[in-house]
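Scroll down for the structure; my scribbles are underneath it.
The values are calculated or read from the model by the stated rules, or taken from the named source; none is laboratory data. Everything numeric here is computed off the predicted structure, so don't read it as measured data. Methodologically, a virtual Cβ is constructed for each residue, glycine included, from the backbone with ideal geometry; neighbour enumeration extends over all protein chains shown.
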Amino acid sequence: MTAAESGTYNDFTQINLGGLTRDGEDGVSEVSYIILDVLDELQLLQPQASVHISTKTPERFLKYACSVIRHGSGYPSVFNSDAVFMEQLGMGKTVQDARTGGTSGCVETGSFGKEAYILHGYLNVPKVLELTLNNGVDPLTGKQVGIATGDPLGFTSFDDLYGAFEKQLNYVVETKIKADNYIQRMFAQYAPAPYLSVLIEGCIDSGRDYYNGGPKYNSDYIQCCGIGTVTDSLSALKKHVYEEGTVTMQDLLQALKDNWQGHEPLRQTIWNRTPFFGNDDEYADVIMQRVYETLLDTIDGRNSPKGPTYHVNMLSTTCHIYFGKMLGATPNGRFARVPQSDGTSPEHGADRNGPTAVVKSLSKMDQLKSGGTLLNQRFLPSVLAGDGGLDKMAKLIRTYFNLGGHHVQFNVVDTETLRKAQKNPEAYRGLLVRVAGYSDYFVDLDEHHQEEIIARTTQESF
């Protein structure tokens, strides 16, 4: 399953650079620059660095990190250390513990050495909408896997449809958490981690294992995937079916069933005349906010065997590719079995107003309520050329973080280079690209993961 879902997989070893000290001061040192130099020179697959940028971080360090990013290895990834701090406070950490925490894995936030923050797998949110549009039946298998939430042909308003989506989501989350809690109890009883428990604060004092609520802090995360795809699909339904009446629900469902074959004029209308997420368009962004709040309301504070420890993470790693294979055509014009949107990034090709519009759309998500969000961006190398390119990249990052963004990472490579690497992999053995919360050698990825990176919107200007 891991091989099918990821294609390749590394161990997500992340070194946090910069950020804040436990006293709340700038944490950048000469060692921060040295590590960036070494990683840039050696082009290592692992470990990989992240830079943590606060309002106290000197501009010199941010631009130095941007100069490394510009070389195209996909790292360092960039985090908002002020947001990471506030996220941890919101989940009950003390000020000192929040400052000595950071990020690990892809984008996950935790208090290092004091917390068990367990990831419980991925939630295919666009699939939940697909089940809603088919009264709980998976159209790819014909099986009733969800609950019956009503024939969509009988929905008279967008709110009727959205209410059915909420019911379907609640059922899926309840089912998932019920299974996850069983697994947690089994780990606590039959697969303890005594060595890890000795190293984590709280386990010795409480006399309880790492997997049994022993650490000082305990968090359980469900990673929600496809916010761009589900937002754009709901936007298309709201605008074309319920507000303008330019297409009937029956005709749209038939087009999805046919994977848009024979319905290309309708698909083009939806693809070109629907407000899509990632363009600083209030129509779509309000729908994104509603979906995000629904995910929080459905997941946040749910009980595990350790208490009300469940929270939301907004990352997909590479599951958006696998989940896309398990998903039929969607109302936003997407074809069946192709990748859905990754992390909190817009749907591929749907963001048409440049990177500043992307970060403005994302800023409308209250990211401090999550345990992490992931944003991918791809730039042409020419856009970042010279001192002017570095200045613009640094300002984009500062702007996003001033607006409350948690994380952003970059691929700096043109499509022509990626296509050449596909045709002649031996000549491009050292080509690193940002896949998810990690970089990997492009030629080691399978075709599905290579094509997904190529399909990401290429930003040609700021």
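For this structure, a couple of remarks:
- When restricted to residues that are under 21 Å from A236 (Cβ atoms) and either outside any loop (DSSP other than H, G, I, E, B) or of a type in the set (A, V, I, L, M, F, W, C) (or both), the stretch 140-166 contains 14.
- Filter pass, L253 being in contact with a Leu (Cβ under 7 Å, 6 or more places away or on another chain), farther than 18 Å from G163 by Cα and surrounded by fewer than 21 Cβ atoms within 10 Å (Cβ to Cβ): yes
- Answer residue from the stretch 73-123, given it is surrounded by 24 or more Cβ atoms within 10 Å (Cβ to Cβ) and without any contact (Cβ under 8 Å) to a residue 24 or more places away in the chain and is nearest to L44 (Cα to Cα) among those: G101
- Helices (runs of 4 or more DSSP H) (entirely within the stretch 186-283) containing at least 1 residues that are assigned by TED's automatic domain parsing to the domain that holds T317 and modelled with pLDDT of 95 or more: 227-236, 249-257, 264-273
- Just one of the numbered conditions (1) surrounded by fewer than 22 Cβ atoms within 10 Å (Cβ to Cβ); (2) farther than 25 Å from V286 by Cα is not true of D160: (2).
- R302 vs. criteria in the same structural domain as L252 (by TED's automatic domain parsing) and either at pLDDT below 95 or surrounded by fewer than 15 Cβ atoms within 10 Å (Cβ to Cβ) (or both): no
- Residues of the stretch 398-429 satisfying the condition of being more than 20 Å from E451 (Cβ to Cβ) and either buried (at least 16 other Cβ atoms within 10 Å of the Cβ) or aliphatic (A, V, I, L, M) (or both): R398, Y400, F401, L403, G404, G405, H406, H407, V408
- When the criteria are applied in full, R352 meets the requirement of being more than 16 Å from the chain's Cα centre (by Cα) and surrounded by fewer than 23 Cβ atoms within 10 Å (Cβ to Cβ).
- Every condition in (1) among the β-branched types (V, I, T); (2) under 22 Å from the mean Cα position of the chain (by Cα); (3) surrounded by fewer than 21 Cβ atoms within 10 Å (Cβ to Cβ) holds for V137 except the one numbered (2).
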